[in-house]
Amino acid sequence: MINGYQEIVRVAIIGILVVLIALIIASAKFFPSQYETSVEKTVALTLRSYNERGLFRNSLVDDEERKFPITRETFDIGHKTLGEVKKEVAAMTASGRPLEELLTFREFVAEIANAFVKGTPFENRVTVNALPKEGYLNIYFLDADPSKLSSRFEQNCLYTGHLNTIICDTRFFDSLFQRVDQINYLYDLVILQFGKSGLPHQPMFHDYKLRFAQRYLRTTLITWVIGHEIAHALLHKHRVVKEGPLHFNLKYDVVEKEADDYAARKLASDPVLGSRFKPMLGEFIQHELRRIYFSEEYKKPITDPTKMIDLPDKPIEASYSRFDVPLTLRAIQMVLAMYDVNPQINDRASYGIVDADVALVHSLALRSLYDEVANKIAIKESGVTLSSYYYLSLGLGITAILLCFVVSRLRRR
């Protein structure tokens, strides 16, 4: 009899637990606003505690050195003679208008973010490592996330869906900057240096300014990451709140591609940002192709400018899975999306400052190159897909339940 009562109590406890779980799931599904309000209060309290514990302070955001350049002026270089270029450069420098400005990391992120949210409810409503504000886009760069506000914090940057927060691991940007620092040659970029009078200092195609270019490559990668996460905030908030954080399943699906496309199209429609971003992303693609896919002969410095963008004749084999889409493939897709929005984007160069001189930053590669690369890439499916993991987990779960049931029946006998 006692065993019978114990069995009843056990079943009752299990039933209560199932009901409670069902109620929690139902409350999140059928009363999303109340659930979201509760979660946002928790996130706000956690962020305030982070601030009190000094977690908003780190070497990346607190660095006051102005080393992140942002372009202020561009130049239509398409089909112009060198004489016309010299005259326009001289006129621009004589005008006294700022050609570029050096910003701190915090200032640069805020300005880039505001460019991406222009014309949206977040216009002029962006914070960086500050106490969260309702109705604002709140961006955070942290050395640690002890309360796990971000589901995949380490070496990542993630839109969480709650309080419009984007949370980034500072080490993620350190690793990106280290990749840029390893660049020792420019394959695609053309940096033309002029004196204030408009006279060129060195011949075209040979005036490579490596450190100058590295600064812009860093800002390009920051722009890409922040633009991608802002796209999630603008396009996918309801999906994140309903289904959980993006990137959680490591899947590069249509949602992730939409975010890259949004960033690319926004940049292509902004002549100032686009004129700097596209050539720099093109240079990044050149290095990634050589680092990962090309043979040694294509990794050597190029002495003949006409061979600068030659490609191997054989297909470029790129491993692809839902868990891993190489940045190279994503970058190529972004460049092609920018050309779709603005077919003349390669006709525009951006101004920069080299010591006391003026520089024009431009790219050799045309759309035809990126189309050719895209056509040469032979995508190979690799790894375990998300569905494989899903069905494996489901099968193991069902097997465990059946085993428990069989053991329980055997014990009764």
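Computed from the coordinates by the stated procedures, all read-outs in this text should not be read as laboratory data. Keep in mind the model is a prediction, meaning the values are calculated, not measured. A quick note on method: Cβ atoms are made from the backbone with ideal geometry, for glycine too, and the neighbour counts reach across all protein chains shown.
Odds and ends about this structure:
- Under 5 Å from the amide H of residue 190 lie the amide H atoms of 362, 363, 364, each residue being 5 or more positions distant or on a separate chain, with H modelled from the backbone and absent for Pro and chain starts.
- 14 Å reach of a label modelled at residue 367, 7 Å along Cα-to-Cβ, counting backbone N of the range 337-353: 337-348
- Most positive-pole-ward Cα, 91, 81, 132, against dipole of the range 23-173 from beta carbon charges: 132
- Net charge of neighbours whose Cβ lies under 13 Å from the Cβ of residue 69, counting Lys and Arg as +1 and Asp and Glu as -1: +2
- Where labels lie 7 Å past Cα in the beta-carbon direction, separation of residue 130 and residue 39 in nm: 2.6 nm
- With 0.36 nm allotted per residue and the present C-alpha distance subtracted, the residue 210-residue 95 stretch has 38.6 nm of extension available.
- Other-chain or far-sequence residues with amide H under 5 Å of residue 68's (modelled H): 103
- Under the simplified labelling scheme, the residue 81-residue 344 pair shows an inter-label distance of 2.1 nm, with each label point 7 Å from Cα along Cα→Cβ.
- Between residue 235 and residue 65, the FRET efficiency from the beta-carbon distance, with R0 = 41 Å, is close to 0.75.
- Simple spin-label estimate for residue 49 and residue 155 in nanometres, 7 Å along Cα-Cβ: 2.8 nm
- Overall form of the range 112-191 per C-alpha gyration tensor (a/c, 1.5; a/b vs b/c): oblate
- Neighbours of residue 104, meaning other residues whose beta-carbon lies under 12 angstrom from its beta-carbon, give a summed charge of -4 when Lys and Arg score +1 and Asp and Glu score -1.
- Environment charge at residue 54 (Cβ cut-off 11 Å; Lys +1, Arg +1, Asp -1, Glu -1): -1
- Seen through its C-alpha gyration tensor, with square-root eigenvalues sorted a ≥ b ≥ c, the range 52-106 comes out prolate because a/c lies at 1.5 or above while a/b is bigger than b/c.
- Pairs with C-alpha atoms separated by more than 21 Å, drawn from the list 209/266; 209/376; 41/133, are 209/266; 209/376.
- Shown in residue order for the range 339-352 are the 3J(HN,Hα) couplings computed by the Karplus curve 6.51 cos²θ - 1.76 cosθ + 1.60 at θ = phi - 60°: 5, 4, 6, 9, x, 9, 4, 7, 7, 10, 9, 10, 7, x Hz (x for Gly and Pro).
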